[in-house]
1. If a residue has to be in contact with a Lys or Arg (Cβ under 6 Å, 6 or more places away or on another chain) and in a strand (DSSP E or B) to count, how many in region 105-133 make the cut?
2. Just one of (1) surrounded by 20 or more Cβ atoms within 10 Å (Cβ to Cβ); (2) within 20 Å of Pro64 (Cβ to Cβ) trips up Pro163, so point out which.
3. Out of everything in region 166-192 that is in contact with a strand residue (DSSP E or B) (Cβ under 6 Å, 6 or more places away or on another chain) and free of Cβ contacts under 8 Å to residues at least 24 places away in the same chain, what residue ends up being surrounded by the most Cβ atoms within 10 Å (Cβ to Cβ)?
4. Are any residues in region 191-230 farther than 19 Å from Glu160 by Cα, assigned to a loop (DSSP other than H, G, I, E, B) and in contact with a helix residue (DSSP H, G or I) (Cβ under 8 Å, 6 or more places away or on another chain), and if so, which ones?
5. Does any residue of region 75-88 turn out to be closer than 28 Å to Thr158 by Cα and modelled with pLDDT of 85 or more?
6. Just to be sure before I move on: is Gly136 more than 14 Å from Leu205 (Cα to Cα), without any contact (Cβ under 8 Å) to a residue 40 or more places away in the chain and in a loop (DSSP other than H, G, I, E, B) in the structure I sent?
7. Select from region 145-154 the residues that are part of a strand (DSSP E or B) and more than 18 Å from the chain's Cα centre (by Cα) and write down the one among them that is farthest from Ala184 (Cα to Cα).
8. Of the numbered conditions (1) closer than 20 Å to Ala198 by Cα; (2) surrounded by fewer than 16 Cβ atoms within 10 Å (Cβ to Cβ); (3) modelled with pLDDT of 90 or more, Ala103 fails exactly one; give the number of that condition.
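The values are calculated or read from the model by the stated rules, or taken from the named source; none is laboratory data. Here the structure is a predicted model, which is why all the values come from computation and not from measurement. All Cβ positions, glycine included, derive from the backbone under ideal geometry; neighbour counts span all protein chains shown.
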Amino acid sequence: MLPEGPYMAARIRFPPSRVAVLLIAVAAAATISPAKPATGAAVAPVSAPPAVPPAALLPAESIPGRPAARDVFDVATALSTSDSKDDEGCTDVVHGRLLRPGAVTGQGFQTAVPGGQLSELVARTPHPPDLTAWAGQARRCARVTVDDQGLPTVSTTTVETAPAVPGAQTLSYRQVLTLPGQPAGLPGLRLRTVAIAAGGVLVLLRDAGATDLDLDTLAVAAWQHAAPRLGR
């Protein structure tokens with residue numbers, strides 16, 4: 001589902017068997033983990049919000065650099081099965097999970113662009129993320145190491161000033177993933193994420209590698225494109 005990007009081999013020399021795991025767990029736009037109900041607890045059915053049409057995704061011609069063919073996915077098929085563990089409550093930050101498990105509908109894509117890869121997720125959920133609180137958690141988890149399915153990974157996160165969107169919460173942060181003791185000459189896998197949320201709608205853009213994209217401007221354009229198609 002998430003092909004290896006051309007930036008990976010040049011940026012981080014992870015063991016080949018772990019490359020796909022890391023990309024699926026961290027670099028994908030949709031990293032949603034199903035909730036595990038408490039033993040014996042009744043699970044109340046939750047109605048899914050209206051479907052997100054593929055037309056809500058940013059048109060290919062809006063992406064600079066003549067991107068390659070897009071790998072489009074539905075949120076229902078992109079559930080993360082990661083079993084990462086840490087002692088600081090930072091796993092969601094390291095994996096870029098902004099959506100809570102439960103009733104979520106959405107569409108996403110990823111595509112290769114010059115220097116790396118770009119992903120977008122457009123989702124509807126009755127439990128939208130609190131991006132302000134999430135940014136605070138990201139600051140607390142500025143540098144942590146998690147055990148990602150047996151692969152220790154160092155995550156360094158920097159929260160940045162997000163673009164202003166009237167009536168919406170916004171979030172912008174950079175992340176670098178490295179292996180413990182990685183030589184300084186290997187700078188790690190670079191990720192950047194910009195998210196915009198309002199009224200149960202989330203638009204998230206993430207680039208990986210050295211794309212040099214203006215992700216703030218692209219995310220605002222993605223929101224302006226998706227919002228009217230979702231009744232915002």
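1. 4
2. Evaluating Pro163 over (1) surrounded by 20 or more Cβ atoms within 10 Å (Cβ to Cβ); (2) within 20 Å of Pro64 (Cβ to Cβ) leaves (1) as the failure.
3. First pass over region 166-192, keeping only residues in contact with a strand residue (DSSP E or B) (Cβ under 6 Å, 6 or more places away or on another chain): 167-178, 180, 188-192.
Restricting the remaining residues to those that are free of Cβ contacts under 8 Å to residues at least 24 places away in the same chain gives 174, 176, 192.
Numbers: Arg174: 14, Val176: 17, Arg192: 20.
That would be Arg192.
4. Scanning region 191-230 gives a single hit, Leu230.
5. Within region 75-88, the first condition is being closer than 28 Å to Thr158 by Cα, and the residues that meet it are 75, 78-88.
Filter once more, so that each one left must be modelled with pLDDT of 85 or more: none.
Looking through region 75-88, none of the residues is closer than 28 Å to Thr158 by Cα and modelled with pLDDT of 85 or more.
6. On the way: more than 14 Å from Leu205 (Cα to Cα): yes; without any contact (Cβ under 8 Å) to a residue 40 or more places away in the chain: yes; in a loop (DSSP other than H, G, I, E, B): no.
No.
7. Filtering region 145-154 for residues part of a strand (DSSP E or B) gives 145-148, 151-154.
Filter once more, keeping what is more than 18 Å from the chain's Cα centre (by Cα): 145, 147, 151-152.
On the way: Thr145: 17, Asp147: 21, Leu151: 19, Pro152: 17 Å.
Within region 145-154, the match that is farthest from Ala184 (Cα to Cα) is Asp147.
8. Answer for Ala103: the failing condition is (3).
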